[in-house]
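The values are calculated or read from the model by the stated rules, or taken from the named source; none is laboratory data. The structure displayed is predicted, hence computed values, not measured ones. Here Cβ is always computed from backbone atoms with ideal geometry, including for glycine, and neighbour counts include all displayed protein chains. Heads up: the accessible areas ignore ligands, DNA and RNA and are worked out on the full protein's heavy atoms, side chains in. Shrake-Rupley method; radii C 1.70, N 1.55, O 1.52, S 1.80 Å.
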Amino acid sequence: MTTPYHPPVKRSLSIAGHQTSISLEPLFWEMLRAAAQAEGLAVAALVARIDAERIKSPTPPGLASAVRLWLVANRL
């Protein structure tokens, strides 16, 4: 990637048997793929895990925000 400044890209995933789409910047898609690979999971499986965690929050963010937050928190 030549620049991190790129508009979000929408991708469709199946989570717990339901189709959904998430819009993330390409940098976050790259980070998500790398995190999934490092954990030996498919991207959809990692997103499903993040989704399950976010739903438990008293004030859950949107799924795309939860993915970004998870990636930043787990990169530190």
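So the values come out like this:
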read-out: K56 versus V9: modelled label distance in nm, points set 7 Å from Cα along the beta carbon direction; value: 3.1 nm
read-out: Value of D in µm² per second that Stokes-Einstein yields for the chain, Kirkwood Rh from Cα pairs, at 4 °C (1.567 mPa s); value: 101 µm²/s
read-out: Electrostatic dipole magnitude of the chain [Cβ: Lys, Arg +1; Asp, Glu -1; Cα centre; debye, to 20]; value: 80 debye
read-out: Dipole axis of the stretch 1-74 (+1 Lys, Arg; -1 Asp, Glu on Cβ), positive-most option in F28, I15, L71; value: I15
read-out: Where W29, W70 fall by accessible area, highest first, once all protein chains stay in place (1.4 Å); value: W70, W29
read-out: Listed residues H18, H6 arranged by accessible area, highest first, probe 1.4 Å; value: H18, H6
read-out: Highest-first arrangement of 51-62, 34-45, where packing means the average Cβ count within 10 Å; value: 34-45, 51-62
